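The values are calculated or read from the model by the stated rules, or taken from the named source; none is laboratory data. Note that the structure is predicted; figures quoted are calculated from it, not measured. Please note: Cβ atoms are built from the backbone with ideal geometry, for glycine as well, and neighbour counts cover all protein chains shown.
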Amino acid sequence: MANRPWKPVTAGKCCTVEDHVVIGNLSRCRPSRADFSKKLAELTSFRRLKSSSELSSPGSARFNGDSIEESGRFGAGLYAFQLNELRAITHDFSNNYLLGEGGFGTVHKGYIDDKMRPGLKAQAVAVKLLDTDGLQGHREWLAEVIFLGQFRHPHLVKLIGYCCENEERLLVYEYMPRGSLENHLFRRLSSSTLPWGTRLKIAIGAAKGLAFLHGAEKPVIYRDFKTSNILLDSDYSAKLSDFGLAKMGPEGEDTHVSTRVMGTHGYAAPEYVMTGHLTTRSDVYSFGVVLLELLTGRRALDKTRGKAEEKLVDWSRPYLTSSRRLRCIMDPRLSGQYSVKGTREVAALALMCISSNPKDRPRMPAVVEILERLQHLKDMAVTTGVWSSKAASPIVGRNAISAKTKMERENLANGRRRVVSAKLA
């Protein structure tokens, strides 16, 4: 990887106070490479960031040249890697090992053995190489280390370690073999689609991850909840990834955090887009959008569709209050193999989550409770006769018996014809 010139985030202007992230005496506005490396080596601790619009951590950590040493709960179990080690395990960040690419940079697969660090087991990993020329590279790196170094949960992707060498910023995560939910829903990784039961399992796991963040001692607002940030392990258990835009929630008597609007079109709550006021209910709105994607198999924002169908929330909202209408927008790839009652409940929940009034949206623990009640429903649409499709439609009642009898007679007649043809031959 060639060395790239260190570029400032802004051309001759400092960042606004609102978006200022401080590490020791270093601001987000990047100094020269030499000055940055020198000052980074002199740091003794992360400064506690007290503004609600800044990143913060409940403990402190210090750079000792090789690692972030644990102090309190921060940075527990994180390993410091050298750049040449990460080059080696990814074959110099080869395209053959590329897992994905986004605004943050690239993600490559690697494999570490149990001899690399004491106590570190042999395993596949995902190495995120942050784009230090980008607007968010360094800040994302810091946010990931702070939040994932602080939290551990079955439905949050595990951060194994990091690399902070010269201007390079890298992160090492557990490898998620099934990739992202986005890939499974929209990019046709395989000829098969995600079954309804698996979609529900993914929704429950993602909801538990958000509920954990919102229920922390100091609530965390995820701010970028979407299908591409929901990763799946070998059992399709969902884990939230990419905490680069996460924010600490309001403190004291504050009702919201005021911040620059960031996130992804189609998922961001309308009040946040309009005012910049961020709350945990903003995440709930985004969760509702993902529920709609799981129901319909459509993207939150799809500009390839007509104007009326471009925005999933606006297009689907009129269909969510009726079972009869809901089946018209269900993902056709499910072929009716879904619970009628289950999808009706999920649609009703999604409608609450995307309410234009944040106070009408449920809290995530309530969302988890609702979804978990739906796991064992077996009333499949294809067996109850409510699913309809031109490609394949279930036949019920007397018509089903008549059709079956007719089919059996036709098969019998065809068999007799084959026997006669064989004798004549």
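List of remarks:
- Subset of region 77-87 that is surrounded by 15 or more Cβ atoms within 10 Å (Cβ to Cβ) and either within 13 Å of ILE160 (Cα to Cα) or not assigned by TED's automatic domain parsing to the domain that holds VAL127 (or both) - its residue that is modelled with the lowest pLDDT: LEU78
- Within the option set PRO362, PRO318, being modelled with pLDDT of 95 or more and either surrounded by 14 or more Cβ atoms within 10 Å (Cβ to Cβ) or of a type in the set (Lys, Arg) (or both) holds for one residue only, PRO362.
- Qualifying residue in region 147-159 (condition: farther than 20 Å from VAL220 by Cα and modelled with pLDDT of 80 or more): no
- Residue, nearest to CYS353 (Cα to Cα), within region 302-316, restricted to residues that are more than 23 Å from the chain's Cα centre (by Cα) and among the charged types (D, E, K, R): GLU309
- Restricting attention to region 124-133, the residues that are at pLDDT below 95 and surrounded by fewer than 15 Cβ atoms within 10 Å (Cβ to Cβ) add up to 1.
- Options ALA207, ALA216; residue that is in the same structural domain as THR304 (by TED's automatic domain parsing) and under 23 Å from GLU345 (Cα atoms): ALA207
Results for (1) part of a strand (DSSP E or B); (2) of a type outside the set (Asp, Glu); (3) surrounded by 22 or more Cβ atoms within 10 Å (Cβ to Cβ), shown as yes or no for each residue.
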position	(1), (2), (3)
HIS138	no, yes, yes
PHE147	no, yes, yes
PRO154	no, yes, no
ARG169	yes, yes, yes
PRO177	no, yes, no
GLU182	no, no, no
SER192	no, yes, no
PHE225	no, yes, yes
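- Test result for PHE93, at positive phi, buried (at least 16 other Cβ atoms within 10 Å of the Cβ) and out of contact with any Asp or Glu (no Cβ under 6 Å at 6 or more places or on another chain): yes
- Residues of region 284-312 that are β-branched (Val, Ile, Thr), crowded, with 18+ Cβ neighbours inside 10 Å and over 14 Å from LYS226 (Cα atoms): THR296 alone.
- From the options LEU351, LEU374, residue that is in the same structural domain as ALA203 (by TED's automatic domain parsing), touching a residue at least 24 places away in the same chain (Cβ under 8 Å) and not in a helix (DSSP H, G or I): LEU374
- The listed residue being hydroxyl-bearing (Ser, Thr, Tyr), assigned to a helix (DSSP H, G or I) and modelled with pLDDT under 55, out of THR383, THR405, THR343: THR405
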